[in-house]
Amino acid sequence: MYVDNAWLYSSGPVAHGVYASGNGTAYVSNTKHFSGGKRSSSFSGDSPAGYLHISDSVAHTTGIGSATFYALGEIYATNVVAISENGPTIFMDGLQKAYLTNCETTAGLLGGVAIF
């Protein structure tokens with residue numbers, strides 16, 4: 001999936017801004033996302049694995065458990081500015097990979113990175 005030059009809003013619960021699952025890959029650039037719902041992350045890659053490539057984007061989540069990045073796969077982020085008021089910057093489960101380059105993020109719950 002390719003998302004470029006977009007403004008996304010999701011309200012949840014569990015309404016992610018961008019969602020890649022089943023070994024899917026999302027390429028996102030120049031995108032702004034806002035979420036007000038619970039467990040509604042901005043960029044999500046779910047089971048069995050989702051691959052996220054996010055660049056030059058802005059994200060803001062306010063709901064409990066809503067991370068900037070959630071993945072059961074791999075995250076590659078460059079030049080992302082984000083606030084997760086009630087969630088971590090990254091939430092991952094299992095042996096996953098995350099690469100953040102030139103990103104500025106703020107997390108308000110569970111710490112900056114939560115990996116289980």
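A short reminder: the numbers here are calculations on the coordinates, not readings from a lab. Everything quoted here is computed from the prediction, not taken from an experiment. Cβ coordinates were reconstructed from backbone atoms using ideal geometry, including for glycine residues, and neighbour counts include every protein chain displayed.
Relative contact order for the stretch 24-115 using alpha-carbon pairs under 8 Å, separation at least 6, rounded to a whole percent?
Details: 298 pairs, mean separation 22.8, N = 92.
Relative contact order here is 25 percent.
Using the basic label-point model (7 angstrom from Cα toward the beta carbon), what is the E85 to Y9 distance in nanometres?
A separation of 1.5 nm, rounded to one decimal place.
Can you give the convex hull volume per residue for the Cα atoms of the chain, as a whole number of Å³? Display every interim value, and only then the final one.
On the way: hull volume 8.2 nm³, N = 116.
Value for the chain: 71 Å³ per residue.
Amide H neighbours of T25 under 5 Å, at least 5 residues apart or on other chains, H built in the peptide plane: list them.
Close amide H contacts, sequence-distant or interchain: Y51.
What is the Cα centroid distance between the stretch 1-29 and the stretch 58-116, reported in whole angstrom?
Measuring centre to centre over Cα atoms gives 14 Å.
As a test of the definition: which semi-axes, in Å, follow for the stretch 76-116 when you take the square root of five times each eigenvalue of its alpha carbon gyration tensor? Largest first, please.
Ellipsoid semi-axes (Å, largest first): 16, 15, 5.
Please list, in order along the stretch 88-99, the HN-Hα scalar couplings obtained from phi with the Karplus expression 6.51 cos²θ - 1.76 cosθ + 1.60 (θ = phi - 60°), rounded to whole Hz, x for Gly and Pro.
Karplus-based 3J(HN,Hα) across the stretch 88-99 equals x, 5, 10, 10, 9, 10, x, 7, 10, 10, 9, 10 Hz.
Counting only residues 5 or more places away or on other chains, whose amide H sits under 5 Å from the amide H of Y70 once H atoms are built in the peptide plane?
Those qualifying (amide H under 5 Å, at least 5 residues apart or on another chain) are F43, S44, G45, F91.
Please name whichever of L72, S11, G94 sits farthest to the positive end of the charge dipole of the chain, dipole taken about the Cα centre and charges placed at Cβ: Lys and Arg +1, Asp and Glu -1.
With unit charges placed on the Cβ atoms, the residue in question is S11.
Rank by packing, highest mean first: peptides 40-51, 75-86, 58-69, with packing defined as the count of other Cβ atoms within 10 Å averaged across residues.
In descending order of packing, they fall as 58-69, 40-51, 75-86.
Charges only on Cβ, +1 for Lys and Arg, -1 for Asp and Glu: so what's the dipole of the chain about the Cα centre, in debye to the nearest 20?
The dipole magnitude comes to about 180 debye.
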